[in-house]
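Here's the structure, in structure tokens; my notes come after.
Computed from the coordinates by the stated procedures, all read-outs in this text should not be read as laboratory data. The model shown is predicted, which means the values in this text are computed figures rather than measured ones. When we count neighbours, we look across all protein chains shown, and the Cβ atoms used for this are built from the backbone with ideal geometry, even at glycine.
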Amino acid sequence: MSRRRRVGGAPRASGFGPSPSRRGQIGWRGTALLAAAVAPLYGAHLLFGANQPMAAQALTALCGLILIVGLAFPRLRQALPQLKGLWPVAALFVLTLVLAAVTLGPGPAGAAHPIWEWAGLPPTISVNRSATLLAMSQLLGLAALFLFGAMAGSQRAWGVRLGSVILVGGAIWAAIALIIFLSGAQIGQAGRLGGGLLSANSAATMLGILALLATGWLLRALRESRELAGPDRWSRISLAVAPLALLVFALILTGSRMGTLATLAGVLTLGVWQAFAEPGRSWKTLGVAAGVTLIAAIVVGLGNDLVLRRVAALDQDVDVRSVIFAVHWRAFLDAPLWGSGLGSFIDVNSYLMSAETYRELWNIRATHNVYLQWLQEAGLIGSAPMFALIGLAIIASALRAGTLSRGGWALRALVAANVVVLVHGLTDYALQVPSIAAMWALLLGLQFGFGQVRGRG
């Protein structure tokens, strides 16, 4: 007969999994709120990432509605003024919007784009004022999701539940994506799993983020199941392995080389971080996990024709991206301080296209480098506060992970998931996809607020 025993008293919550204890339960209404906040984002993934202007604006409005409904919950609303470090982040965000608004006018002498003079129209810094206004409104939607995530994450029970909802929702999205792909009903993507998005590489970014959350769940399950006997332990572990296996399988089918490498970098970051956070307890688990991952990667890689074909095409893709980067780096150098206005990529791309670069530029909608695109559109002046905002949110979250008495694993997994976004952003444009940007904003808020407010949730 199996039996349970636990050193040190009552059982604890496991990663993003449900807590066996009733303490801190948030109730069905709270769970329904979190599910209602997350489900539309996955729905938007399946609808091409809400990547058209009208769809993006609809998603932005929905983000604002999510925050309003969240504020209707007293426990979430009361947590907002207790969030530490929120004012510096808010100030950087407001500064980003103010600087973006400056580009709607002529700005300082010589800052206006020369295209307006050639057209005989009033000069402005932004090449496309309408696109800049739309981009600013989308930033407001992302800020709303960040605040919602921070409010929910501030109380550990809500934060753990939101993480669970995101992971379960992600597994459902991945399963739907697999069914569509394997049934041959997927639109485009040339034999690569796209998850409803316009790019398989963007799908890889999202799957990599979710794989990091699932890895945190698995490592926590391995740690906390040590005191469980026989079938109970393997049942606990298998529940954590299942979503991770599904997400990794889907990631492989995207054929994304950099997405896979970015995910491995995130997993390595999480594993090493956890090993140092709890020395003497995690090195064995880390070694086993690393060995299994390496063997699986070798077996799948050698037996997967898609991966081999994508690796063989690496030189060609590097050449294409080199042309894109060179053209848009030149666009940044033409207006290094103020840029050409948020949302102006397509206009600038068309403006700079030539007979020599037409083959590489004619059908792209982003720079394939999130950092370069922000520099080109917002310039050094406009990009600095946004880069500082993201850096501050991540660093504050990482520092807090070492101070939590409970939930440290969950926060470390959330922070490590940023590695996937930041590394893959060097060669792709997932953050230019509205639904993925919205999901990352929610995750950033969740980790920023995680565990800041004490209470029963």
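Sorted on the mean count of surrounding Cβ atoms within 10 Å across their residues, most packed first, peptides 183-192, 394-403 read 394-403, 183-192. Descending by average beta-carbon neighbour count within 10 Å, the peptides 117-128, 438-449, 376-387 line up as 438-449, 376-387, 117-128, the highest first.
Sum up the charges of everything whose Cβ sits under 12 Å from the Cβ of Ser354, counting Lys and Arg as +1 and Asp and Glu as -1, but leave Ser354 out. If you can, show how the numbers build up before the last one.
Numbers: positive: Arg330, Arg359; negative: Glu356, Glu360.
Neighbourhood net charge equals 0.
Once the Cβ-Cβ distance of Val318 and Leu404 is raised to the sixth power relative to R0 = 35 Å, the FRET efficiency obtained is 0.25. In this Cβ point-charge picture (+1 for Lys and Arg, -1 for Asp and Glu), the range 27-449 has a dipole of about 1540 debye about its Cα centre. The Kirkwood radius of the range 27-449, taken over pairs of alpha-carbon atoms, gives through the Stokes-Einstein law at 37 °C and 0.692 mPa s a diffusion coefficient of 146 µm² s⁻¹. With the convex hull drawn around the C-alpha atoms of the range 85-179, the volume per residue stands at 130 Å³. With the highest mean first, a sort of the peptides 216-223, 172-179, 37-44, 151-158 on other beta-carbon atoms found within 10 angstrom per residue produces 151-158, 216-223, 37-44, 172-179.
In the range 125-273, what is the volume of the convex hull around the alpha carbon atoms, normalised per residue and reported in Å³? Display every interim value, and only then the final one.
On the way: hull volume 24.5 nm³, N = 149.
About 165 Å³ per residue, rounded to a whole number.
Can you bin the range 354-457 into rounded, prolate or oblate? Criterion: square roots of the alpha carbon gyration tensor eigenvalues sorted a ≥ b ≥ c, rounded for a/c under 1.5, prolate for a/b above b/c, oblate for the rest. Judged from the Cα gyration tensor, the range 354-457 comes out prolate (a/c at least 1.5, a/b above b/c).
Just check the range 23-129 against the gyration tensor rule for me: Cα atoms, a ≥ b ≥ c as the square roots of the eigenvalues, rounded for a/c under 1.5, and otherwise prolate or oblate depending on whether a/b exceeds b/c.
Details: a/c = 4.47, a/b = 1.89, b/c = 2.36.
Oblate, because a/c is 1.5 or more while a/b does not exceed b/c.
Could you state the number of Å between the C-alpha centres of the range 324-341 and the range 392-426? One Cα centre to the other: 31 Å.
So if I take the centroid of the Cα atoms in the range 192-234 and the same for the range 79-136, what is the distance between those two points in Å? Spelled out, the Cα-based centre of one part sits 38 Å from the other.
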